[in-house]
Amino acid sequence: MDLLTLIGFVLAVSAIVVGSILKGAGLVALVSGAAFTIVVIGTIAAICIQTPLGVMRHALRIFPWVMRPPAHDAPAIIGKIVEWSNLARKQGLLGLEPLLEKEADDFVRKGLQLVVDGGEPDSIRAMLDVELGAREHADTAAARVFEGMGIYSPTLGIIGAVLGLMAVMQNLADPSKLGHGIAAAFTATVYGIGLANLFFLPVAAKLKGTIAAQSQLREMIIEGMISIAQGENPRAIESKLQGYLH
């Protein structure tokens, strides 16, 4: 679990709750069914209109990456690639074939299969680059779902505030309701801006960072597979791939 993300979420909620108390508004001011309906349900509605079903499913699938990013041990992968290069130099590329069934990562397995099949290095790179680009595009589109929610929610918050003020204007004859009504109107703005800046946009940025890290790791894997196919020295391969760890 990403401890820093957990701390961030706790601090975000604390900032709003404690800030409301210190400002004298109290916790009751943050509770509004109308504001929740307008901002949260409205934001979900907007993003559903914008997003294809497949992208939405993928977004929900990668959301847990915020707390638990995919575990990839780059040094361990480099070690495996160097081991495979040693084996290929001793037994030939076909000596790597028994390793295919043991490899859990489908991207690594595809690259290793292309090497075992004796593909040309340029052909291997082209096919793996297509795979890399397709995965990165799909993951980035899913991350943009949360970015879109971060764009829509402040606007929905303003709509909620305007609707609340419209209700206040209808009760101008009763001054006792004005203060409470105005406070309730601005609760929607807090919901919208707070969710955007303390949840949706940070989640999108975190996912994009995770996706970039995965892409860099796959670029390293591609380089390693090409090096094996070209029969490079294992020590040279290790030295080259170490550069991806910086």
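Each reported figure results from applying straightforward, stated rules to the coordinates on display, with no laboratory input. Small disclaimer: the values here were computed from a predicted structure and weren't measured. Positions of Cβ are generated from backbone atoms using ideal geometry, with glycine treated the same way; all protein chains shown enter the neighbour counts.
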Completion exercise
For the chain, longest principal axis from Cα atoms; helix 178-195 axis from its Cα atoms; angle between them, nearest 10 degrees, is 0 degrees
Exercise for the section: Putting +1 on Lys and Arg Cβ atoms and -1 on Asp and Glu Cβ atoms, find which of GLY243, ILE124, MET149 reaches farthest to the positive end of the dipole of the chain. Expected result: MET149
Problem - Integer Hz, Karplus 6.51/-1.76/1.60 couplings in order for the stretch 90-102, x for Gly and Pro - result: 8, 10, x, 5, 5, x, 8, 4, x, 7, 4, 5, 8
Practice task
When a/c is below 1.5 the answer is rounded, else prolate if a/b is larger than b/c, else oblate, so apply that to the stretch 38-147 with a ≥ b ≥ c taken from the square roots of the Cα gyration tensor eigenvalues.
Solution key: prolate
Problem - Linear extension gain, ALA167 paired with LEU94, 0.36 nm per residue minus alpha-carbon span - result: 18.7 nm
Completion exercise
Relative to the chain, whose Cα atoms define the longest principal axis, helix 3-22 and its Cα axis are tilted in degrees, nearest 10, by 10 degrees
Handout entry: the chain: relative contact order as a whole-number percent, Cα under 8 Å and 6+ apart
Key = 32 percent
Problem - trypsin sites (Lys or Arg not before Pro) within the stretch 141-246: DSSP coil, no more than 11 neighbouring Cβ in 10 Å - result: none
Handout entry: Helix 201-229 axis, angle to the chain major axis (alpha carbon atoms, nearest 10°)
Key = 10 degrees
Exercise for the section: Under 21 Å Cα to Cα from LYS23, which lysines show up? Leave out anything in the same chain fewer than 8 places away. Expected result: LYS177
